[in-house]
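**Student:** Sending over a structure as structure tokens; questions will come in a sec.
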Protein chains: 4
Amino acid sequence: VSLWDPVFGAGAVAAELDDRAWLRAMCDAEAALAGACAEVGLIGDPRAVAEACADLAANLDPGELGRLAAADGNPVIPLVRLLRERAPDAHLGATSQDILDTAMMLVAYRALGVLLPELAAAADACAGLARRHRDTAMAGRTLLQQAVRTTFGALAAGWGAGLDRSLALLRTVRADRLAVQLGGAAGTLAGWHPHGPAVVAAFAARAGLAEPAGVWHTERTRVAELAAALGTACGAVGKVATDVVLLAQTELAEVREAAGGGSSAMPHKRNPIAAVTARAAAAQAPGLVATLLGAQAPELQRGAGPWHAEWQPLTALLRTTGGAASRLRDSLRGLQVDPAAMARNLAAGPADGGHPGHAADLVDHYLERRS
Amino acid sequence: VSLWDPVFGAGAVAAELDDRAWLRAMCDAEAALAGACAEVGLIGDPRAVAEACADLAANLDPGELGRLAAADGNPVIPLVRLLRERAPDAHLGATSQDILDTAMMLVAYRALGVLLPELAAAADACAGLARRHRDTAMAGRTLLQQAVRTTFGALAAGWGAGLDRSLALLRTVRADRLAVQLGGAAGTLAGWHPHGPAVVAAFAARAGLAEPAGVWHTERTRVAELAAALGTACGAVGKVATDVVLLAQTELAEVREAAGGGSSAMPHKRNPIAAVTARAAAAQAPGLVATLLGAQAPELQRGAGPWHAEWQPLTALLRTTGGAASRLRDSLRGLQVDPAAMARNLAAGPADGGHPGHAADLVDHYLERRS
Amino acid sequence: VSLWDPVFGAGAVAAELDDRAWLRAMCDAEAALAGACAEVGLIGDPRAVAEACADLAANLDPGELGRLAAADGNPVIPLVRLLRERAPDAHLGATSQDILDTAMMLVAYRALGVLLPELAAAADACAGLARRHRDTAMAGRTLLQQAVRTTFGALAAGWGAGLDRSLALLRTVRADRLAVQLGGAAGTLAGWHPHGPAVVAAFAARAGLAEPAGVWHTERTRVAELAAALGTACGAVGKVATDVVLLAQTELAEVREAAGGGSSAMPHKRNPIAAVTARAAAAQAPGLVATLLGAQAPELQRGAGPWHAEWQPLTALLRTTGGAASRLRDSLRGLQVDPAAMARNLAAGPADGGHPGHAADLVDHYLERRS
Amino acid sequence: VSLWDPVFGAGAVAAELDDRAWLRAMCDAEAALAGACAEVGLIGDPRAVAEACADLAANLDPGELGRLAAADGNPVIPLVRLLRERAPDAHLGATSQDILDTAMMLVAYRALGVLLPELAAAADACAGLARRHRDTAMAGRTLLQQAVRTTFGALAAGWGAGLDRSLALLRTVRADRLAVQLGGAAGTLAGWHPHGPAVVAAFAARAGLAEPAGVWHTERTRVAELAAALGTACGAVGKVATDVVLLAQTELAEVREAAGGGSSAMPHKRNPIAAVTARAAAAQAPGLVATLLGAQAPELQRGAGPWHAEWQPLTALLRTTGGAASRLRDSLRGLQVDPAAMARNLAAGPADGGHPGHAADLVDHYLERRS
């Protein structure tokens, strides 16, 4: 556990993103490749590779691997040396990028396995709020000025719609675009010829990832799509968290987090700290997305920098998105909504009067779309 | 025509993005709204509105509208004043965001109408190169060092796959996610009650945009998705352009642009200027995407800054993506590929020898996927 | 005048950033170069060049220049052709980057000439507010929860300190780092040998820019420093604007813009529209700064894309910073501060009581530092 | 040691950036504050606080602190609880932001203590190359096309100038702008009245940081300036690393890293891996700078998200800049320059002939400026 991860809600997702998780993913990729090679008869019994992979995944010190990796610029090169000492059939036909790209996809796949339920819980909490407050009148505020009336249900339905859309995008990317990478030294599948396509298919099945349509060593749209979907999710989370912080202001007091945070100087305070840290986590996404989009032009058959520039930002992006989702879930679960305060603020301001419009219909339609 | 647009290939797309195009889109949105209101009987004859819209779209000075807009922070407010002088039924029930958001979607829709064929032409050019050079051997280069042999066809197939994917993403966003926005003062459709949903449907049909599932005044995932797809396309373009620039280096001389650019100091030069400017246009996308992702948390019922922060970056992003696509198309059309130079470089370096692997199969599969 | 510039406060600065301003700057650079060459005797009478430059600066259509520029990727190449038709001595020894880089610095220098007084006026307005409200008690709010008491003067002093610092940074960059660029085809000053350094000095004096320590065609720290100072200024502006928007909320009502903006749907509204649009303008800066920082690694003796990627983002960054400064000045000038509302909110909340601390001292020290 | 830090050169700097370093900095800030309070007589003997701080800095598990911190959103709150159990005088008058901001500055100060010598070593290596190759002719390449002749010395002088400038900027920021933060609950120094200013001065002296001109809890220009200087340094590093990678291409072979990296698939390769990973580290900076610039508008007296959003991106930015500097130093130290290859490429291409211009003068002037 790190100092910062729990503060920003990344406690759970971090376990799928730390050094050990990356090492495990690299070893799983090597084991899956050996299994695939065995399926087509390129190597004999893959069990020695599988055993060496399992052992290294569990027992190798990732920091030690990092030290060994510095000379060659990526951790797969020393990992393969260690593997081949034990199982000479390992890494047959592959280049280090094949393993690292596949591992990156595995890491993302597994991190999303943690992240998505937390985001879904936040989305469900919105649906609950919308249902319960379908008819709770509140002041609509535009440019932070009271405008006309709306309902808290309509607001929560809008929150939920953004989260639901983000979920759908991330689920699609996870199922369709997180694929194994296999190409060999220059992306021609030469090392497995004439079994290349069969090895790719078996590799994907064994790794539990999608089978790619081609070789994507320097065709990085899938990384961009993953980054974009994470950035979109952070935007949707940040929207909700911003509104919670605003509605929780002392002078509005329309919502209140169940837990709330304290202060080292002011014992009376009850800060909407889950929403505050969700905002902070979400705010870290756009810059990371930009870095990943900026790395989409790796040179010729392997990027001389752009490729390497993906590993850490993508890890950070998954971590901060997971954290944002988790903190938002915490904020919304048990969020204390105060209809009386909403009514009071509405009555006191210029937004009073007027027609509620289709606020209730919007809630109903949103709930129908989810069911 | 601006000074910079032709340099960066945005000459064509800019006509859908300039001030007049925005004004036209706002007027079109008002006219569509009036038509929709008339359909459900909320107003009588919408022709007066339509005529006033057409007249202002054609004849109002956008700079003058901008000057009038400064006091209120958006151009729809003075536009509505001008419209209502001529057609009092205009803008019934709407808030300025309804019109501006819808106009933004129209602008994007129309700009994509120019951009997509240019991107498709670049993608088709890749397919042509892949087909013609299915078996043209060349040195694979990883980290810009010669590695093992590949083919130019395999490289071009990878280029094309990224462009094809970008096209598919943008087409889906254009068809499904570019929707009208309608909500009224606080997003409850109050001004059209009880006909709100019917007005939305008619508004969408008349505007030629998708009908949204709810009100999205502060649920901005569709803007994020559009931005992300444009950023992904720029990444795919930048990849191809980078490779063209690298292969065109004097010392490699494996490709050469048909036109080529000159120099004010060195008449002998033949710069791959279309690829250079495509790279430069594409490089401007990630920062703009980050700005748009960072604007996804507008406050409560209308953003006090985040909303306004979308208009110019999205325009710039559409422009630079259109420019990148157009310049890449120019670069690839008639790209002169020199198989003899490729063979010479391959023979001179360590990448010679070895097996071509599935390079030809990869080309074939790529071409099959397109057909 | 464009549609958007007045909305985002860039009406004034835009005149130094538009196509004509760039054309003028390029022509001024050519004229200064000719004068410098004449000083050391490399050419005879530079008046023909000066006249041709003045004529083209005033009369050439920038859009036409753009069209001519597309083939070679920058507007200096066709401009030189046009110049030399009239004055064959023009552009002696130079490469197009020399002129474009120098023009970019001139454009920045002149835009800062408009921008800095607006930023200074905003800073002065803060000082006025701090002085007038040195002892106006208000609730301090942390994480948007009432915490303990402070004064509006202390808040305004903090606002002003950030603006003053930004001013100082921008003034230093303007005076010290906006330099002419001169290097020739590969940056060796070969075209002016043995007078190279003397030509650089004379060129700088005539252009009214700093003399650089070396050749900076691919050493772009000065562009980064300019971008960073602009980004920092936008941050400082955004801070003030955010606080104005928050304090102007209906429920707090502690400040109110003198002008205020209206709404197309709600005549009762008085939106803090200058602050809102200042925030929106400021929010566009970080992405542009990132783009410019990302362009700092142009290849070898001239960037094949990174160089070209500076022109539009830097223009946009100067425009949005100028706009943000201008809109903030508008917001603060005549800002209506309501001490009674501040007292009422303070009395109603938990922040009441407690000691004012050094709030007044902080104001006094801030005002002393300025004087 | 982490998996990634050694790969990206952050092995050394990471020790000043990890969880323990942050904990140590927080404890050091608390101890310095207690000492300062004792100086003015606000507390008695500060030794109990100092001892508790030293003990916790060494022995507290940062992960455990993180877990405790989740409820309140920052680690200082639980740290103060632990401190006060042992030394009730701890944290007198302070708010958690005072300690965290000061700790952030300490972390940056110490990380720069590692980073700057590495960057200086890279800059010195450039000077050595420029001196040794003052007259080594090579082809100048613009837009990656051979243009006219230059020297490797002139190129290296340009590299070095960018690094020297970055060093100067970072040294100035470190000395002048890394200041303690002290303000108390709402930034009025109320908790130390009437000794506030004296406590700030003593706090700064004891912490070894600059004394700030005011309270900067929500005036974040110094964070922006630090971020900007780091981003500028990464740009300068990236420029050099890019050129090394380009000159090391198989077909140019003008430089070669002394160590060079291997490949898991191609034993013959000698990749310029230090430059490649320096590029990758540097490429991660612009997005992080944008995030930090985007966090410059914390709300009123403490940011509800923007403040929290600084800690991790600044840590990552210091790490990646340190790594980039370190890897570049590795690349340049012992860089093997091949004048014969340079001459051969020059002779074979269109850049041959022509005048060397002031290339040697540029080297001499650069070396003079350094001495």
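**Student:** Assume the label is 7 Å from Cα along Cα to beta carbon: what separations in nm does D:Arg84 have to the matching positions in the other copies?
**Tutor:** 5.7, 6.1, 7.8
**Student:** Accessible area drop of at least 20 Å² (1.4 Å probe, protein heavy atoms): which residues of the range B:130-149 qualify, relative to the chain alone?
**Tutor:** B:Arg141, B:Thr142, B:Leu143, B:Leu144, B:Gln145, B:Gln146, B:Ala147, B:Val148
**Student:** Nearest-to-axis residue of chain D, judged by Cβ, for the D-to-B rotation, with distance in whole Å?
**Tutor:** Axis-proximal residue of D, distance in whole Å: D:Glu251, 2.
**Student:** Ignoring everything but the protein chains, give the 1.4 Å probe accessible area of C:Tyr109 in square angstrom, nearest 10.
**Tutor:** Answer for C:Tyr109: close to 70 Å² accessible.
**Student:** With a 1.4 Å probe and all protein chains kept in place, how much accessible area does B:Phe203 have, in Å² rounded to the nearest 10?
**Tutor:** Surface accessible to solvent at B:Phe203 totals approximately 0 Å².
**Student:** Would you mind checking the radius of gyration and Dmax of chain A based on alpha-carbon positions, in Å?
**Tutor:** Calculated on Cα positions, Rg and Dmax stand at 24.5, 80 Å.
**Student:** If the elastic network links every pair of Cα atoms under 10 Å, which of B:Leu115, B:Leu92, B:Leu182 fluctuates the most in the Gaussian network model of chain B?
**Tutor:** Ranking B:Leu115, B:Leu92, B:Leu182 by mean-square fluctuation puts B:Leu92 first.
**Student:** Separate question: C plus A alone minus the pair: what accessible area, both sides summed, probe 1.4 Å, in Å² to 100?
**Tutor:** 2200 Å²
**Student:** Summarise the partner chain shielding of C:176-187 as one whole number: the mean count of Cβ atoms from other chains within 10 Å of each residue's Cβ.
**Tutor:** 5
**Student:** Most fluctuating residue of D:Gly262, D:Gly128, D:Gly196 in a GNM of chain D with Cα springs under 10 Å: which is it?
**Tutor:** Between D:Gly262, D:Gly128, D:Gly196, it is D:Gly262 that shows the largest mean-square fluctuation.
**Student:** Let me ask something additional. Based on the Kirkwood radius over alpha-carbon pairs, what is the Stokes-Einstein translational diffusion coefficient of the range C:284-371 at 37 °C with 0.692 mPa s viscosity, in µm²/s?
**Tutor:** D, rounded to a whole number, is 183 µm²/s.
**Student:** To continue, here is another question. Using the Cα atoms as the points, what is the convex hull volume per residue of the range D:175-321 in Å³?
**Tutor:** 140 Å³
**Student:** Counting only other residues whose beta carbon sits under 14 Å from that of C:Pro298, what net charge do I get with K and R as +1, D and E as -1?
**Tutor:** It works out to a net charge of +2.
**Student:** Give the accessible surface of the range B:116-193 per residue, rounded to a whole number of Å², with probe radius 1.4 Å and ligands, DNA and RNA excluded.
**Tutor:** Per residue, the range B:116-193 has 25 Å² of solvent-accessible surface.
**Student:** Does anyone have the angle between helix B:359-370 and the longest principal axis of chain B? Alpha-carbon axes, 0 to 90°, nearest 10?
**Tutor:** 20 degrees
**Student:** I would also like to ask the following. In nm to one decimal, list the spacings between the A:Glu368 label point and its equivalents in the other copies, with label points set 7 Å along Cα to Cβ, shortest first.
**Tutor:** Relative to the other copies, A:Glu368 has label-point distances of 4.5, 7.0, 8.2 nm.
**Student:** Same structure, new question: Considering only C-alpha atoms, what is the centroid distance from the range D:183-199 to the range C:278-326, in Å?
**Tutor:** Distance between centres, Cα-based: 40 Å.
**Student:** Ignore the peptide's own chain and count Cβ atoms of other chains within 10 Å of each Cβ in D:196-208; give me the average, rounded.
**Tutor:** The shielding value for this peptide is 1.
**Student:** What number comes out for accessible area per residue over the range B:1-56 if the probe is 1.4 Å? Units Å², please.
**Tutor:** Counting only protein heavy atoms, the per-residue value for the range B:1-56 is 32 Å².
**Student:** Taking amide H atoms as placed 1.01 Å from N in the peptide plane, list the residues 5 or more away in sequence, or in a different chain, whose amide H sits under 5 Å from that of D:Gly140.
**Tutor:** Distant-sequence amide H within range of D:Gly140: D:Ala147, D:Val148, D:Arg149, D:Thr150.
**Student:** Right, here's the next one. Would you work out the Kirkwood radius for the protein assembly as shown? I mean one over the mean of 1/r across all pairs of different Cα atoms, in Å.
**Tutor:** The Cα-based Kirkwood calculation yields 32.4 Å.
**Student:** To check you understand DSSP bridge types, tell me what percent of the beta bridges within chain B (both residues inside) are antiparallel, rounded to 5.
**Tutor:** Within chain B, antiparallel bridges account for around 90 percent of the total.
**Student:** What average count of beta carbons from other chains do you get within 10 Å of the Cβ of residues in A:72-82?
**Tutor:** 5
**Student:** With a 1.4 Å probe and all protein chains left in place, how much of the accessible area of chain B comes from carbon and sulfur atoms, in whole percent?
**Tutor:** 51 percent
**Student:** For D:Glu16, B:Glu211, give me the order by solvent-accessible area with a 1.4 Å probe, most accessible first, ignoring ligands, DNA and RNA.
**Tutor:** Result of the area sort, largest leading: B:Glu211, D:Glu16.
**Student:** Oh, and also: Just grab the label-to-label distance for D:Asp55 and A:Arg132, each label 7 Å out from Cα along the Cβ direction, in nm (one decimal).
**Tutor:** According to this spin-label approximation, the distance is 4.4 nm.
**Student:** Right, here's the next one. Count the net charge of all other residues whose Cβ sits under 12 Å from the Cβ of C:Leu106, scoring Lys and Arg as +1 and Asp and Glu as -1.
**Tutor:** That works out to 0.
**Student:** I'd like to know which of C:Ser2, C:Ala54, C:Gly44 lies farthest towards the positive end of the charge dipole of the range C:1-88, counting +1 on Cβ of Lys and Arg and -1 on Cβ of Asp and Glu.
**Tutor:** Sorting the options by dipole projection puts first C:Gly44.
**Student:** If packing is taken as the mean number of other Cβ atoms within 10 Å per residue, what is the order of C:75-86, C:330-341, highest first?
**Tutor:** Sorting C:75-86, C:330-341 by mean packing, highest first, produces C:75-86, C:330-341.
**Student:** Can you tell me the dipole magnitude for the protein assembly as shown around its Cα centre, using point charges on the Cβ only (Lys, Arg +1; Asp, Glu -1), in Debye to the nearest 20?
**Tutor:** In total the dipole reaches around 0 debye.
**Student:** Right, next: Could you give the angle, 0 to 90 degrees to the nearest 10, between helix A:311-332's Cα long axis and the longest principal axis of the Cα atoms of chain A?
**Tutor:** Approximately 30 degrees, to the nearest 10.
**Student:** Same structure again: Taking 28 Å as the cut-off for C-alpha to C-alpha distance, list the pairs among A:Lys269/C:Lys269; C:Lys239/D:Lys239; B:Lys239/D:Lys239 that go past it.
**Tutor:** Cα-Cα > 28 Å for A:Lys269/C:Lys269; C:Lys239/D:Lys239; rest within.
**Student:** Short version: ³J(HN,Hα) in whole Hz for each residue of the range C:170-187, in order, from phi by Karplus 6.51 cos²θ - 1.76 cosθ + 1.60 (θ = phi - 60°), x for Gly and Pro, what are they?
**Tutor:** Listing the rounded values in order: 5, 5, 5, 4, 4, 6, 9, 10, 8, 10, 5, 10, 8, x, x, 3, 10, x Hz.
**Student:** Taking each label point as 7 Å beyond Cα in the direction of the beta carbon, state the distances from D:Ala58 to the same residue in the other copies, shortest first, in nm.
**Tutor:** Label-point separations across copies, in nm and ascending: 3.7, 8.0, 8.6.
**Student:** When chain A is treated as a GNM, springs tying every alpha-carbon pair under 10 Å, which of A:Arg132, A:Arg327, A:Arg222 comes out with the largest mean-square fluctuation?
**Tutor:** Residue with maximal mean-square fluctuation among A:Arg132, A:Arg327, A:Arg222: A:Arg132.
**Student:** Still on this structure, please answer the following. Once you list every other residue whose beta carbon is under 13 Å from the beta carbon of D:Tyr366, what net charge do they have if Lys and Arg are +1 and Asp and Glu are -1?
**Tutor:** It works out to a net charge of -1.
**Student:** Equivalent ellipsoid semi-axes for the range C:39-166, as square roots of 5 times the alpha carbon gyration tensor eigenvalues: give them largest first, rounded to whole Å.
**Tutor:** 54, 17, 12
**Student:** Continuing with the same structure: With +1 on each Lys and Arg Cβ and -1 on each Asp and Glu Cβ, and nothing else charged, work out how big the dipole of the range B:151-262 is about its Cα centre, in Debye to the nearest 20.
**Tutor:** Dipole of the range B:151-262, to the nearest 20 debye: 380 debye.
**Student:** Let me ask you something else. Between 0 and 90 degrees, rounded to the nearest ten: what's the tilt of helix C:196-207 against the longest Cα principal axis of chain C?
**Tutor:** Once rounded, the angle reads 50 degrees.
The values are calculated or read from the model by the stated rules, or taken from the named source; none is laboratory data. All values reported here derive from a predicted model rather than from experimental measurement. Cβ coordinates were reconstructed from backbone atoms using ideal geometry, including for glycine residues, and neighbour counts include every protein chain displayed. The area values use the complete protein model at the heavy-atom level, side chains included, leaving out ligands, DNA and RNA. Shrake-Rupley method; radii C 1.70, N 1.55, O 1.52, S 1.80 Å.
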